[in-house]
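Student: For reference, the structure I am asking about is given below.
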Amino acid sequence: MSRRGGRQRRDIYDGLPSDAQYKRTAHKRAKEQSVKRWLVRFLFLAVIAVLVWQFGDDVRRMMRVEAHQVADEMQGVGNHIKEGRDRRAGVDWVEGE
């Protein structure tokens, strides 16, 4: 309803039969695109779920091994940094050698 006069406003596409047909076609197209988009999302999630169900333990094990390797490498880097710092500071320097 419009604010003036209490009349309902007509839709701009209701003027001609071709306009009404365009409105129906556009609505149908938008609905089909929306359904297609939701279907693609659902299928993507279903594929992810199947992959996790099928290979979840292997992936988890692989990630755990990778995490341990990275942790070992980081610890090695930390040790090298400490050794370099101590060497530059002369921590293990013995006078007279």
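Student: For segment 44-97, what are the residues that are acidic (D, E) and part of a helix (DSSP H, G or I)?
Tutor: Within segment 44-97, D57, D58, E66, D72, E73, E83, D86 qualify.
Student: Let me ask you something else. Among the residues of segment 15-40, how many are surrounded by 10 or more Cβ atoms within 10 Å (Cβ to Cβ), assigned to a helix (DSSP H, G or I) and of a type in the set (G, A, S)?
Tutor: 4
Student: Give me the pairs: first residue in segment 13-27 and modelled with pLDDT of 70 or more, second residue exposed (fewer than 12 other Cβ atoms within 10 Å of the Cβ) and part of a helix (DSSP H, G or I), beta-carbon distance under 8 Å, and six or more apart or on different chains, which are they?
Tutor: Within 8 Å, the pairs are D19/I12; A20/D14; K23/D14.
Student: Considering only residues that are exposed (fewer than 10 other Cβ atoms within 10 Å of the Cβ) and among the polar types (S, T, N, Q), which ones fall in segment 41-59?
Tutor: Scanning segment 41-59 gives no hits.
The values are calculated or read from the model by the stated rules, or taken from the named source; none is laboratory data. Keep in mind that this is a model prediction, so the values were computed, not measured. Here Cβ is always computed from backbone atoms with ideal geometry, including for glycine, and neighbour counts include all displayed protein chains.
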